[in-house]
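Since the structure comes first, as structure tokens, the remarks are kept for the end.
The values are calculated or read from the model by the stated rules, or taken from the named source; none is laboratory data. What you are looking at is a predicted structure, and each value in this text was computed from that prediction instead of being measured. Cβ coordinates were reconstructed from backbone atoms using ideal geometry, including for glycine residues, and neighbour counts include every protein chain displayed. We work out accessible area using only protein heavy atoms, side chains counted, and drop any ligands, DNA or RNA first. Shrake-Rupley method; radii C 1.70, N 1.55, O 1.52, S 1.80 Å.
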Amino acid sequence: MCHLGACTVADRHPLRKWRKIENPPYTECGSCVTFRETSNTGVGEGGVLVVSGAINEQGRAMGLKGFLKRSACAGLAAGALTGGLVIASPATSGAASSPSSGTLTMAIDQTLAGFNVNTSAASEYVLQEILDVVWPQPFIITSKLKAALNSDLLTSATSTGTSPQTVTYTLNPKAVWQDGVGITADDFIYNWQAQSANKAFTDVGGATYDAASSSGYNQILSIKGSHPSGGAACDPGSAANRNLGLCPNGRTVTVTFKPAYADWQSLFGNLVPAHISRTAGWNTGLNNFTKVLSGSWYEIKSYTEGQSLVLQQNPSYWGTPGHLKTIVFQFITDDTQETPALQNNEVQIINPATVNLSIVQNTSQLSNINKVITPGLEFEHFDFNEANPYLAKLPIRQAIALGTDRKQLIARTVGEVSKGIKPLGNRMYVSSQPQYVDHGKAYAKVNTSAATKLLKAQGFKKGSDGYFQPNYGPEKNQDLAFTISTTTGNTTRASTEQLFQAQMKSIGIKINIQNYAAGTFFGTNLPQGLFDIAEFAWVPTPFVSANESIYCSYTSSACGQNWNHFASKAVDKLVIAGASASSPAAETSDYNKADALLWSNMVTLPLYQKPQFFAWAKTAKNIVPNIASVGLPWNGNLWTAS
């Protein structure tokens, strides 16, 4: 899931030097400037520009709050914020915009499980890409991984004090939803309550709210509005709407935290309209796209499941309209078909979930195409479901990890595209980040003898077919077998599964392969624990506190993305402390300590940091790759077509 302000690269143009883009969307105040600078670049295989060095250059980056899932996927954190707050003036920066016209089509690689990206069921990367320009985002995550205040929505956002900490948001009095209803304190109140993990707040019909992450929201003590538009009196609110006496029509929003929350800028992204969702429902009420009201540049015009989603300009938008008349998202769930679609001009923009050599080579043969390969924040991993009676045993999870040849998996898949990728030794940070510490050294090399020794110590004996057979449980006297699952249509992931299957056979574990459509895999299988071993990727979030909902104990309602059924009071203590840390150094220390504990418990097996591949037609202008979970459409309001 994602709250804006926390979950992926730098403003890179697919030429040998960076250049200032047309009508730059955001201007950074203080220590940072516009999009013109040089970078370490080089030309890789097939003439594709390879970009490096950017991730270490970022400060404490801001992006979406929670982690998102992708067809291999889901989120990560960057470093510590340096310099002044970035101020975004998306409606006014750059040269005056020309009359809005034209259409661009972008390929997206997953079907949708719903439309409320703030829920665990619908927290998909591709949905976030769509909602970048549909739902209000108080902070826009730039391609430099900086938090840019959206000055169309807010005139200011300030944090004061630590005990308690108070954050004051001042809304633009012109800001309205698509239906003309003002965006007010009521929307902040409702979105906080739905994601607070407080059981006193419930969805329609008394259902428990499904929140992908409650990090930060569960540290809010209160929210109150003030200063309604035009000097009007405060609406009294009501007990039924849980906003009695809170001035819900206020255009100033005061949020009090206790304890303080370091990543406060990560909150309230993808703001849901309270006046709609309070009646329709948070959990599933927005599964119908007609309930998704825009509070930004574009509104949803049409949606054909599994085929396309069309955005058109929001006529109620109070700022400068988006440059394009329409943006089309074309669902292409087989990554290998994205390049042919680009060649045939069916789409003009692609960013495959996983890149392989064939995709890169085929795209490189196309003319009039910009291409970029860059290190991502996204990382591939295996999740172990500890609800399985055998995977609940630490020695069995350790045996699987010891028997997994991660170097071979890399060499036979992403290593063909991007050299230098190594097995990842951290879940909180990727190797190109300065906070990275390798806690996985014990699993750096394959050790089949140690793996089989652990299985024998469980009392398991090998059958005539070479597979171990448990002496207890549902597979007693049968082959020890697990099913690995991921999303369909991903050739890299399919190759990984087959290699893993062979590797596990060498240590006496049978692996079956069963893949699913993304909507089923992410919307049903993972949230409901219907898997043994799952392969996907967490899509980056520059806020490390977003990890809390993934790794804190599954028994807590605040841990909506812990599908592994893992619980540890020690890990809980560290991730909670990290979220309230008084300094970036303390936050880094807490989360690295938590990661070390996760390795000792082999909760998940990180595989590698993923390279990102972007390609787009040269007729598409102002396309700026962004490896945060906001994806390419982070500046979709500035896209143009020639």
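Quick look at the numbers
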read-out: Average accessible surface area per residue within region 501-567, 1.4 Å rolling probe, Å²; value: 28 Å²
read-out: Rounded accessible area per residue of region 579-642, 1.4 Å, Å²; value: 21 Å²
read-out: Hz values of 3J(HN,Hα) by residue in region 180-185 - Karplus curve (6.51, -1.76, 1.60), Gly and Pro given as x; value: x, 6, x, 8, 9, 4
read-out: Sequence ranges 235-246, 372-383, ranked by mean other-Cβ count within 10 angstrom, highest first; value: 372-383, 235-246
read-out: Global geometry of region 282-321, whether rounded, prolate or oblate, following the gyration tensor of its Cα atoms and the 1.5 cut on a/c; value: oblate
read-out: Carbon + sulfur, % of accessible area of region 574-641 - ligands and nucleic acids excluded, 1.4 Å; value: 61 percent
read-out: Of all accessible heavy-atom area on region 133-279, the percent that carbon and sulfur account for (1.4 Å); value: 56 percent
read-out: Charge sum, other residues only, whose C-beta stays under 14 Å from residue 175's C-beta, Lys/Arg counted +1 and Asp/Glu -1; value: -2
read-out: Å² per residue, accessible surface of region 334-408 at 1.4 Å; value: 31 Å²
read-out: Backbone HN-Hα couplings from phi across region 442-457 [Karplus 6.51/-1.76/1.60, Hz, Gly and Pro as x]; value: 5, 10, 5, 10, 5, 9, 5, 5, 5, 5, 5, 5, 5, 5, 5, 5
read-out: Proximal aspartates and glutamates to residue 422, defined as alpha-carbon separation beneath 16 angstrom and excluding residues fewer than eight positions away on the same chain; value: 378, 380, 405, 438
read-out: Subset of 393/462; 407/445; 174/291; 146/301; 441/461 violating a 20 Å alpha-carbon distance limit; value: 174/291; 146/301; 441/461
read-out: At R0 = 22 Å, FRET efficiency that the Cβ-Cβ distance of residue 505 and residue 387 yields, to 0.05; value: 0.35
